[in-house]
1. Quick one: which strands (runs of 3 or more DSSP E) lie wholly within region 59-134 and hold at least 3 residues that are among the aliphatic types (A, V, I, L, M) and touching a strand residue (DSSP E or B) at 6+ places or on another chain (Cβ under 8 Å)?
2. When LEU113 is evaluated against the numbered criteria (1) of a type in the set (A, V, I, L, M, F, W, C); (2) buried (at least 17 other Cβ atoms within 10 Å of the Cβ); (3) farther than 14 Å from ALA4 by Cα, which criterion, by number, is the only one it fails?
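Values quoted throughout were computed directly from the atomic coordinates according to the rules given, and no laboratory measurement underlies them. Note that this is a predicted model, so its numbers are computed, not measured. All Cβ positions, glycine included, derive from the backbone under ideal geometry; neighbour counts span all protein chains shown.
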Amino acid sequence: MNPASKDLRKHMDDNPSTLSETLTIGTNLHIALMPDTPDLCVCLYDQGGQAPAAHLRYDKPNVQVIVRGKQNKYSETYALVEDIKELLMTVHNVEINSTQYIGVWALSDIIPLGFDEKKRPLFSINFTVHRTIT
């Protein structure tokens, strides 16, 4: 089974029409390590979740999404995070990369993280993922 971050990244890449900016795997959509460029970048990080219910074949990991925007584009970056939140929260009874996803729910609202050293806005949002174990 893939890390949840990999599957959700694929889902985001497969559904760019719902996002205010197009995200492309390997360009501005990454897992676990956010590169310094491009300015607009989204990175998904696997986080500890709830213990899996092995006897039910049910897994409940968490995923954190960090979004970095372009300089002086706070509002535009916030809007992108809202679009990502809306897209991921529509994942219900969907198969992604051969794994059945029961649902994705936000664990928090959008969290402003301030700005990086290049004055690019940073935001975070956390999700819990429920999926079946294969």
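1. 99-106, 121-132
2. Looking at each condition in turn, LEU113 falls short on (2).
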